[in-house]
1. I want to confirm something. Restricting to the range 37-59 and keeping residues that are surrounded by 12 or more Cβ atoms within 10 Å (Cβ to Cβ) and among the basic types (K, R), which single residue is modelled with the highest pLDDT?
2. Name every residue in the range 12-36 that is among the charged types (D, E, K, R) and at pLDDT 95 or above, in order of residue number.
3. Anything in the range 27-68 that is assigned to a strand (DSSP E or B), closer than 12 Å to D10 by Cα and of a type in the set (V, I, T)? List them, or say none.
4. Being β-branched (V, I, T) and at pLDDT below 95: is that true of V62 here?
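The values are calculated or read from the model by the stated rules, or taken from the named source; none is laboratory data. All values derive from a computational prediction rather than experimental measurement. So basically every Cβ, Gly included, is an ideal-geometry build from the backbone, and we count neighbours across all protein chains shown.
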Amino acid sequence: MVQRKFAVGDRVRLTAEKHSVKSPQDIYTISRMLPAEAKIWQYRVKREGDGQEWVVSETQLVQVTPES
């Protein structure tokens, strides 16, 4: 299996259209690494703005860079 791209504490954005608004408060922190589903790593993420949590796949995430 491919290595994970993210670790607990990493700051990310969701790329899934139903969640993505691209506002500054839509930055999430990886709070837990979950087992793979259909050979795709899963993560629990928490939105920094209001604490809302989601379970998402690695393919739905992009790393937040300082200029994001």
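1. R44
2. R32
3. Matches in the range 27-68: T29, I30, V45, V62.
4. Taking the combined requirement at face value, the residue satisfies it.
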